Every structure is written in C-alpha cells, then in structure tokens.
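Asker: One structure, pasted below without further comment.
The values are calculated or read from the model by the stated rules, or taken from the named source; none is laboratory data. No experiment lies behind these values; they were computed from the predicted model shown. Ideal geometry is used to build each Cβ from the backbone, glycine not excepted, and the neighbour counts take in all protein chains shown. Ligands, DNA and RNA are stripped out before the accessible areas are found, and what is left, the full protein with its side chains, is counted by its heavy atoms. Shrake-Rupley method; radii C 1.70, N 1.55, O 1.52, S 1.80 Å.
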Amino acid sequence: MATRLPAVSALPAKSASAAEAGPQIGLTSDEARGRLERFGPNAMPDTSVHPFRRAFEKFWAPVPWMLEAAILLELALGKYVEAAIIATLLVFNAALGLFQESRAQATLAALKSRLALNASVRRDGAWKTIQAVELVPGDVVKLSLGAVVAADVRLTGGEVLLDQSMLTGESVPTEAGAGVQTYAGALVRRGEAVAEVTATGARTKFGRTAELVRTAHVVSSQQKTVLRVVRNLAVFNGIVIVLLVAYAWFLKMPLDEIIPLVLTAVLASIPVALPATFTLASALGARALARLGVLPTRLSAVDEVATMNVLCADKTGTLTRNALTVTTVRPMPDFDEAHILVLAALASSDGGQDPVDGAIRSAGLGKVVSDAPKLIKFVPFDPATKMSEATVADPGGGTQRVVKGAFAAVIGLTQPSPTATTASKELEGKGFRVLAIAVGPPTAMKLAGLIALSDPPRTDSAALVTELRGLGVRTVMVTGDAPATAAIVAYAVGLDGTVCPPGPIPDNVRPEQFAVFAGVLPEDKYKLVKAFQKGGHTVGMCGDGANDAPALRQAQIGIAVSTATDVAKSAAGMVLTEPGLAGIVAAVKEGRLTFQRILTYTLNSIIKKIVTVLFLIVGLLMTGHAILTPLLMVIVMIAGDFLAMSLTTDNVRPSPTPNVWRIGRLTMAGVVMGICLLTFCSGVLAVGKFEMGLGIKALRTLAFTGLVFGSQAAIYAIRQRRHLWGSRPSLWLAASSVADVLIASTLAVGGIAMTALSALIVVGTLAAAIALAVVLDLVKLPVFARLGIT
C-alpha cells in the first residue's frame, strides 16, 4: 500500500437493514442549494490552457524571437521574398511543435473522469439519484456494492469492504464501518453503508492530488538545452557581429551594405531548426517505442529517459503484481497442505470480489483430496468476529464447522498452540497476511494450519533491476507499505541496501543512501523526487495508482505500468502497454539512441553557426565586402539546417551510461571542429580570390558552395563517436546529403540566385570537402575523448 488509512477497530455486527437506519435524514433541497453555492460543485476546476495561448507560446521563445527580428529587418529592406521564406520557417517550427505535443491537461481531465457520475443521496427525507457534481458537504449518501465513492465521506452506519488501491496503492481492501473515513475514488467491494459527505471537489483527497499534479513541474532537459545553446551562440555571435560592424564602419562601407551584412550575420546565428529537430527526433523515437509497447505521453520524455540515472519504483503494481497470492501454507499435526487449502476454500466466497477469498480458491484449484467434505452452508466474512465460516459434511456423514480468519480470532476457538503462535509471528514478521484455519465440531475445534498471503514480485522485476544497474540506473523502491514487507520484496528483486528509517524524508537525501523508502505518503513521494532532483539527479518514477500522479508529473520521466489508472497514465511521461517492466529497459535504450541523434544535430548547429559568422569576418577581411548575402544565407538555412534534420533517422550506438547534456563541453568541441571547417572555407575563398582571380559575385558563389560542402563533411565526421566509417548512414541521411549537394551544385553551376561557377570548380570544392571529412574525423577522436563526449 502507499497511504496509511485510519485503523478499523472491531465493528459490531449489523443486519442488512442497518445501513438504512440512523438519525440522519439528510439535507433539504434548499440547504443543498445553499451549500452548492458556498462550496462549489463536486469537481476540479478547469485549468486547461486555451489553444490560442498554446499556439502563441510557440512564437514566444528565443529562436522565434531571432527569426521574427530577421523578418522585420528583411521587410525594412524591402526583401519581401526573403521575409516570406523566413516566416515560413517560423510557422513550420511552430506547427511541428503543436502537432507533436501531448495534451497539456490530460491528467486533470483523467482525475475528473475518475469521479463517480451518479450518487445515491438522501434529500428532503427521501433517497434520490443525482449527479456526483451536485454533492455538497453534509449530504447523506448510500454506498452500495460496485459503486465508486463520489466524495470524501465518513461512514455513519453499515459495513463495507473498500478497495482504495486506485488512490492509496493498498493491494488489500479494508473493512470499514461507522466512524471510518474514506475517500473519493474508492470502490465498494462488498456490503452497504450510509455515510456523510465531509469534503467535495478540490478539497477531497483526490482534489489535493490533482492540485499536486497541477503544480508539479520540472523544466525538461530539452528546453534547458535549447535555451543554453541559443544563449551561448547569441553571446558569441553577438560579439562577433559587433566586431564585424565595427570593421565595416572602419572600411567606410555604405550603410546599404552594412545593414544586409548585419542581417546575414543575424540569420547565420539562428539555430533555426534546432527546436524542430528535437521535436522530430523525439517523435520518431516515440514511434519506435510504440512498436515496443511503450507509449510516450509527452515527447520530451523520449530523450529524458536517456539521461535518467535514478528510478523510483513503486512496490504495489509496479515491482509486484498487485494481486494477493498464497505464499506459504503451514500445516499443523495431522493435516497436510492440500487439506488446509480445501478447507479454506470451503470457508471462502465463490465468485465474489474479495481478493483474499479469490487467492485462496485459486490456490486450492487442482488440489485433490479423497476425503474432502461437502459444503452445506457458507457464512460470509463478519468484521465483528474477523472470520468467515462454513458448515460441511464429512465422508462419515457427520457435520463439522470450518472457520477461516485472523489468527487471534481463530486460535480462541481452539486449544492454545505455542508452535502455531510462533509460526504466525514469524510469517507476520516477514510482511505476510496470516490467516488461520480451524475445523471440527463447534465445541471441539482443532487448528488445521496457517495460510500466508502476499503480493508477490513480478517475474521480470529482478531482471529489470539487474539490467538497469548495468545501464547505470540506480533503482530504489518507494512505497507506503510497511518496512518489513517492503524489505522482503526489495530483497527478492535484487535491491541491495538499507531501508530508510520511518519519519519525514530529509531534504538532502541521496538515492545512494537507501534502497527502500517505506511508509511513504503521496506527498512524500513528490518531495522525494524533488529532493533527488535537487541533488542533480535525473529522476524516473514508476507508478500505477492515482496517489503516484504528483510524483509522476514532477519526475523528469514518469512511467505508468500497464495496470495503472487513467490518472497515473496521464501524469506519466510514458505508459507501458504490456504487462511487466521490460519496457523500461527498452525505453532507456531507445531514448539513448534518440539522445545521440539530437546530440549530433546540436553539435552540428554549434559548428555551423560559429563558423558561418566567423567566415563573414574572414570574407570581409579578404575581400572588403560581405561574402554572403541574406538570400544566400536563407538558402544555406533551408538546404543545410532543415535537410540536416535527417540526422534524426541516423544509425547510431546508444551510450552504455546515462547521457548528460554538457553544453559547455559541446561548445568547446564545436569551436575546435569549427576552426577546422573555418580553415577549409577560408582556404577555398583564398584560392578563388588569389589563384583564380574571381570577382566578388563569383566569390560569393564559391563561398556558398564551400560552406555547404564543408558542412556536409562536418556532419559525416561527427555523426559517430568513433571513426566515421564505423557504421553506415541511414538512407534518409544519405538522401538528404545527396539532395543538399545537388541543390548547391545546380544553383552554383546554373547561376540561379547567384553568379554561375564552372562545374570544374564546384567538383574540385566537393573533392576538397571529402578530404576535409577525413581530417575532421582524425581531429574528432582526441577532442571527444578529452571532453567526455560519448
């Protein structure tokens, strides 16, 4: 279980009509109307973001700002075609982001759907069925078999078996009678009761969970990475642009040449396709995960899971099956295991929703006993006596009584047994739920044996923990269950380490300190995730119940298992659609593939943006003119930045350890590789000016082809962390490279939007670029090794 509820004391036996009795006659319609106005409807407030606002936010970020500034400059210069092209790129980025994003308010919508649609309420002295949203504090409601509790209530009469696993994570339903508090979302498994509503809407336990989910937020590493890259490029290129303008002013260039030069430099600084590439890579990764039975609910989760180094796994329903199973049978003298299970099955309800009876009957299936008694009468579990019983006929025709229930209650009907008492304490100490079985004449019953039940681990949990450990991910168990039970499960699945002592979780707790956090409330799970994040960890959180939703939302990567509630699935970043947890390992591996592709594109963007702006200075120094025009720069952006998005499909190797975004080191690598590319571009330009004697317009074409071909060489050099021939490029990457080269060559040779060059010069530049790729590959290996880029 995940939340401790008030203990239920022994309840007096009541008749079936007890649920109807009691002094409460409910509210009048006028009283209910007044309270509805005062407290509001029994629903969570709508906090969804308007679609127009979501669309507006796509145009309100660093990269869109830079594109919008470029559009204004183009319009000011009367360059309407170029302005239209940049505007198209801007809209493309926004549309792709909106198209691929998950629903922002899915969790709150799911929380609303979990509330019961109708409720039986006593109004004006009569029972009525009303919509659950109309319930108010003080209402008297009836809880019946199979119904979902519509609000937080306190029972005033009757007895029910409540399944609160969807909210608390408890795998065992609890008996509840007068005076017991229960919560919205609980399911009535047995019985009938009358209760008074104590809280509705956002004030319920469900509502407080919804508020935690709404306020839970962590900025994705994807968002932070884009911001850091843009910031670094803006600072570096901003300084270069100032120097560029200063030198142009020193050369006394006319203003009508300086402004296009500045515009070209601004365009060269914008990583225009970076956000779109993150989105596209994540979308392709999400598609691959879907084939593996993992559904991402938000795209950032795909690359986030690559950086995960701590996994907080809920016990019930995550590491375990969330289903009671007979674990141990301890026969007493003169009895064997088969007889005990047959007797226990006779004293269990057949076809009911009681999980204890269901587990015992399942264990008893297939047990053949030649002298099995025949059932005459069955008496269901009575909370007052803590027992269920059956009257049976033995093979000799005699009548016997079979009793099944709590050890303390059953042992009182038999002779004291120190051996049984010791065995019961031993099993309870291991976290098992222990039942005793007694049989015999009503006045001379004999203890037959003990049955221990538990929620067993999933068969793949141990393998999952081991494989995650090999991938560099530490798994810790986070559960509301008792420490003893949690420790047993942890040992069974291979979680080695100590159990965190009971009490408030320290703010500075580290995942290395403990393997198990037991007795944890939903709010504590949320705090634990934040504490790990505060320590610099990228946290994954597994869960299945509504109680896990806030922590699932707060974690960088929330993972809902296949049996999870809609609430947990909506709060999570990923949902496993297949039983078991093998999908987590698949998600980690696929996420690391996606991360490598995004890393390559990011490094490529850094190299190109630094080189292009510096190349403008080199060109100005060498020729005294702007070596690229705004139109050429726009063509480079389209042919280079967007065609390079094919890197999102490349064949890469996943890293063996969790990935980390180190933008500083990535920038340093970009500078080193960029110097090589800048040297190449400058050499091509120098050959064209000093050896071939080309004019400024032809030099601009040569500079354009040198930049395009050199950028392609850089892509193939950095796409692998090993030698560039380590793996074949994907078909899409190869096709985009051919398209890029053909577009640049066709424009240059055909003189389209630029001065024509001879085919021989273009082919010679391409050959030089191929040689550059080999040089860059040799430079890359020591640079990547020194900076730890893997």
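Asker: Kindly indicate which of 198, 156 is open to solvent by 40 Å² or more (accessible area, probe 1.4 Å), under 23 Å from residue 380 (Cα atoms) and either modelled with pLDDT of 85 or more or not in a strand (DSSP E or B) (or both). Even if it seems obvious, please write down each step before you answer.
Answerer: Details: 198 fails: under 23 Å from residue 380 (Cα atoms).
Matching residue, one of 198, 156: 156.
Asker: Restricted to the range 542-576, and to residues that are part of a loop (DSSP other than H, G, I, E, B) and under 17 Å from residue 479 (Cβ atoms), which residue is modelled with the highest pLDDT? Can you show your working first?
Answerer: Of all residues in the range 542-576, those part of a loop (DSSP other than H, G, I, E, B) come to 544-545, 555-556, 561-565, 572-573.
The next check asks that each one be under 17 Å from residue 479 (Cβ atoms); those that pass are 544-545, 555, 561, 563-565.
Values: 544: 72, 545: 66, 555: 88, 561: 77, 563: 68, 564: 71, 565: 64.
Once the filter is applied, the top-ranked residue is 555.
Asker: Does the range 333-373 hold any residues that are at positive phi and at pLDDT below 85, and which are they?
Answerer: 351, 366
Asker: Please verify whether residue 431 is outside any strand (DSSP E or B), crowded, with 16+ Cβ neighbours inside 10 Å and not aliphatic (A, V, I, L, M), treating the condition exactly as stated.
Answerer: Answer is yes for this residue.
Asker: Would you check if there is a residue in the range 699-718 being surrounded by 14 or more Cβ atoms within 10 Å (Cβ to Cβ) and not in a helix (DSSP H, G or I)?
Answerer: no
Asker: Can you report the number of residues in the range 733-790 which are open to solvent by less than 20 Å² (accessible area, probe 1.4 Å) and not in a loop (DSSP other than H, G, I, E, B)?
Answerer: The number of residues fulfilling the criteria is 15.
Asker: Could you tell me which numbered condition residue 579 fails, if it satisfies all but one of (1) out of contact with any helix residue (DSSP H, G or I) (no Cβ under 9 Å at 6 or more places or on another chain); (2) under 18 Å from residue 478 (Cα atoms); (3) at pLDDT below 85?
Answerer: Tallying (1) out of contact with any helix residue (DSSP H, G or I) (no Cβ under 9 Å at 6 or more places or on another chain); (2) under 18 Å from residue 478 (Cα atoms); (3) at pLDDT below 85, residue 579 fails exactly one: (2).
Asker: Another question, then. Assess whether residue 475 counts as being without any contact (Cβ under 8 Å) to a residue 12 or more places away in the chain, more than 19 Å from residue 521 (Cβ to Cβ) and not in a helix (DSSP H, G or I).
Answerer: No: the conditions fail for residue 475.
Asker: Still on this structure, I have one more. So, restricting to strands (runs of 3 or more DSSP E) that lie completely within the range 328-425, which ones have at least 2 residues that are among the β-branched types (Val, Ile, Thr) and open to solvent by 50 Å² or more (accessible area, probe 1.4 Å)?
Answerer: The qualifying strands (runs of 3 or more DSSP E) are 374-382.
Asker: Could you look through the range 62-98, keep only residues that are buried (at least 20 other Cβ atoms within 10 Å of the Cβ) and acidic (Asp, Glu), and pick out the one that is nearest to residue 266 (Cα to Cα)?
Answerer: Among those that are buried (at least 20 other Cβ atoms within 10 Å of the Cβ) and acidic (Asp, Glu), it is 74.
Asker: Out of the range 301-324, which residues are open to solvent by 30 Å² or more (accessible area, probe 1.4 Å) and modelled with pLDDT under 90?
Answerer: 321, 322, 323, listed by residue number.
Asker: Mind listing just one residue for me: the one in the range 37-61 that is within 30 Å of residue 140 (Cβ to Cβ), modelled with pLDDT of 75 or more and open to solvent by 60 Å² or more (accessible area, probe 1.4 Å) and, of those, nearest to the chain's Cα centre (by Cα)?
Answerer: Within the range 37-61, the subset within 30 Å of residue 140 (Cβ to Cβ) is 37-46.
After this cut, where a residue has to be modelled with pLDDT of 75 or more as well, the list is 37-43.
Checking which are open to solvent by 60 Å² or more (accessible area, probe 1.4 Å) leaves us with 37-38, 41.
Values: 37: 38, 38: 37, 41: 31 Å.
Step by step, filter the range 37-61, then rank; the result is 41.
Asker: Out of all the residues in the range 223-237, which are within 14 Å of residue 609 (Cβ to Cβ) and surrounded by 14 or more Cβ atoms within 10 Å (Cβ to Cβ)? Spell out the reasoning first.
Answerer: First, the residues of the range 223-237 that are within 14 Å of residue 609 (Cβ to Cβ): 226, 228-237.
Selection gives 226, 228, 229, 230, 232, 233, 234, 236, 237.
Asker: Return yes when residue 663 is under 28 Å from residue 787 (Cβ atoms) and open to solvent by 40 Å² or more (accessible area, probe 1.4 Å) and no when it is not.
Answerer: So residue 663 fails the test.
Yes/no matrix, rows are residues, columns are (1) among the hydrophobic types (A, V, I, L, M, F, W, C); (2) buried (at least 23 other Cβ atoms within 10 Å of the Cβ); (3) not in a loop (DSSP other than H, G, I, E, B):
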| position | (1), (2), (3) |
| --- | --- |
| 480 | no, yes, no |
| 490 | yes, yes, yes |
| 496 | no, no, no |
| 501 | no, no, no |
| 504 | no, no, no |
| 510 | no, no, no |
| 526 | no, yes, yes |
| 536 | no, no, no |
| 540 | no, yes, yes |
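Residue-by-condition table, conditions (1) in contact with a Phe, Trp or Tyr (Cβ under 9 Å, 6 or more places away or on another chain); (2) over 21 Å from residue 654 (Cα atoms):
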| site | (1), (2) |
| --- | --- |
| 575 | no, yes |
| 578 | no, yes |
| 584 | no, no |
| 599 | yes, no |
| 604 | no, no |
| 608 | no, yes |
| 620 | yes, yes |
| 624 | no, yes |
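Asker: Of the numbered conditions (1) touching a Lys or Arg at 6+ places or on another chain (Cβ under 7 Å); (2) modelled with pLDDT of 80 or more; (3) within 30 Å of residue 560 (Cα to Cα), residue 136 fails exactly one; give the number of that condition.
Answerer: (3)
Asker: Identify the single condition in (1) at pLDDT 90 or above; (2) within 23 Å of residue 718 (Cβ to Cβ); (3) assigned to a loop (DSSP other than H, G, I, E, B) that residue 647 does not satisfy, given that it satisfies every other one.
Answerer: (3)
Asker: Let me ask another. Pick from the range 242-259 the residues that are touching a residue at least 40 places away in the same chain (Cβ under 8 Å) and open to solvent by 30 Å² or more (accessible area, probe 1.4 Å): which of them is farthest from the chain's Cα centre (by Cα)?
Answerer: Step by step, filter the range 242-259, then rank; the result is 251.
Asker: So residue 600 fits all but one of (1) over 22 Å from residue 278 (Cα atoms); (2) modelled with pLDDT of 90 or more; what number is the exception?
Answerer: Tallying (1) over 22 Å from residue 278 (Cα atoms); (2) modelled with pLDDT of 90 or more, residue 600 fails exactly one: (1).
Asker: Looking at residue 690, is it under 20 Å from residue 628 (Cα atoms), without any contact (Cβ under 8 Å) to a residue 12 or more places away in the chain and in a helix (DSSP H, G or I)? Don't jump to the end; show me each part of the working.
Answerer: On the way: under 20 Å from residue 628 (Cα atoms): yes; without any contact (Cβ under 8 Å) to a residue 12 or more places away in the chain: yes; in a helix (DSSP H, G or I): yes.
Yes; evaluated as a whole, the condition is true for this residue.
Asker: Here is a further query. When only residues in the range 613-656 that are polar (S, T, N, Q) and farther than 30 Å from residue 592 by Cβ count, which is farthest from the chain's Cα centre (by Cα)?
Answerer: 623
Asker: A further question follows. Out of curiosity, is residue 289 open to solvent by 10 Å² or more (accessible area, probe 1.4 Å), modelled with pLDDT of 85 or more and assigned to a helix (DSSP H, G or I)?
Answerer: Against the criterion (open to solvent by 10 Å² or more (accessible area, probe 1.4 Å), modelled with pLDDT of 85 or more and assigned to a helix (DSSP H, G or I)), residue 289 does not qualify.
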